[in-house]
Amino acid sequence: MKWIDGTDFGYYVLCPEPYVAAWDGSEFMDAFEDYVGRVTLAGLGDVPVLGGEALPVTYLDHRMTFVRKYAAEDDGGLEHAVDQATGSDGWTDAFEISLGGSYRLMDCMVAGGDVAESDTIRVHIPEGRYLVRSLFFEAFSGDQFLLERLVGI
């Protein structure tokens with residue numbers, strides 16, 4: 001499982017691959033949210049921005065879920081725990097968004113031309129409309145994670 005760990009600022013963007021080179025790091029300024037927000041990129045529409053504390057992040061593609069380590073030592077058993085969390089009634093609906101195509105999950109503060117491929121996670125999302133949902137949960141052995149999930153609508 002690949003994790004990225006951004007700057008101390010703690011914001012990540014799901015940047016469309018064609019826009020990565022043009023990303024200058026200031027686009028997210030309208031998305032100051034505790035957990036998840038969105039910004040509009042000219043000609044490309046809205047994209048999600050994961051906000052809050054500076055936490056390592058990964059993406060579970062077949063679960064369409066972004067996972068951030070809040071208080072965790074490792075990720076063993078994480079996918080199973082995320083599967084169990086999908087049935088939780090603690091999810092908070094954030095917003096609806098249209099997405100589709102290839103994206104790079106990357107630190108918001110780094111200009112696209114300066115970001116190394118090793119500091120991004122490639123994400124492919126099927127074309128569609130999604131509800132973004134958030135959940136803070138304790139997975140196992142006291143490990144805590146913050147989840148943002150894309151649910152097709």
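The values are calculated or read from the model by the stated rules, or taken from the named source; none is laboratory data. Worth saying up front: this structure is predicted, and the values here are computed from it rather than measured. For neighbour counting, all protein chains shown are included, and Cβ atoms are generated from backbone atoms with ideal geometry for every residue, glycine included. Ligands, DNA and RNA are stripped out before the accessible areas are found, and what is left, the full protein with its side chains, is counted by its heavy atoms. Shrake-Rupley method; radii C 1.70, N 1.55, O 1.52, S 1.80 Å.
Quick one: in region 130-140, which of the residues that are open to solvent by 30 Å² or more (accessible area, probe 1.4 Å) and touching a residue at least 40 places away in the same chain (Cβ under 8 Å) is nearest to P56 (Cα to Cα)?
In this case the residue turns out to be F136.
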Strands (runs of 3 or more DSSP E) fully within region 47-153 counting 2 or more residues that are modelled with pLDDT under 85: 65-71
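Are any of the residues in region 66-75 more than 15 Å from the chain's Cα centre (by Cα), within 12 Å of C15 (Cβ to Cβ), open to solvent by less than 50 Å² (accessible area, probe 1.4 Å) and in contact (Cβ under 8 Å) with a residue 60 or more places away in the chain?
Of region 66-75, the ones more than 15 Å from the chain's Cα centre (by Cα) are 71-75.
With the extra rule that they be within 12 Å of C15 (Cβ to Cβ), the set shrinks to none.
No: zero hits.
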Condition broken by A31, with the remaining ones in (1) of a type in the set (G, A, S); (2) farther than 18 Å from G112 by Cβ; (3) modelled with pLDDT under 75 satisfied: (2)
